[in-house]
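The values are calculated or read from the model by the stated rules, or taken from the named source; none is laboratory data. Note that the coordinates shown come from a computational prediction; the quantities given were computed from them, not determined experimentally. Using ideal geometry, Cβ is built from the backbone for each residue, glycine included, and neighbour counts are taken over all protein chains shown.
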Amino acid sequence: MNDGQNTKPEAATDPQGRLDALVRCLADGLASDIFHVGSERYGKINRLALKGGTWPEQETDLGGLCEQALAGVIADSLRKRLGT
């Protein structure tokens, strides 16, 4: 995922900016790696499905996440755990 922003950690000059750039870089990389796992065998993955209920009888579709959305979730989680 690249939204046009430089996500390299060294791109920011202030400590908070560097941390935010690092978080974005890590989140983008992790999301890309997660999508790559499934793509190796079955072709390019576009979305991860979210399921609820009990498999297989009562499983329900709860939507899904594209790579960019997953990167956002990961970035938010990292920020929360780092207290930023």
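Here are the numbers:
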read-out: Which numbered condition residue 37 misses (of (1) touching an Asp or Glu at 6+ places or on another chain (Cβ under 9 Å); (2) modelled with pLDDT under 95); value: (1)
read-out: Segment 18-31: number of residues that are farther than 16 Å from residue 77 by Cβ and surrounded by fewer than 16 Cβ atoms within 10 Å (Cβ to Cβ); value: 1
read-out: Failed condition for residue 31, given (1) touching a Lys or Arg at 6+ places or on another chain (Cβ under 7 Å); (2) modelled with pLDDT of 80 or more; value: (1)
read-out: Residues being more than 22 Å from residue 21 (Cβ to Cβ) and exposed (fewer than 15 other Cβ atoms within 10 Å of the Cβ) - total across segment 51-84; value: 14
read-out: Of all residues making up segment 19-62, the number that are within 18 Å of the chain's Cα centre (by Cα) and either in contact (Cβ under 8 Å) with a residue 60 or more places away in the chain or in a loop (DSSP other than H, G, I, E, B) (or both); value: 7
read-out: Condition broken by residue 76, with the remaining ones in (1) part of a helix (DSSP H, G or I); (2) modelled with pLDDT under 95 satisfied; value: (2)
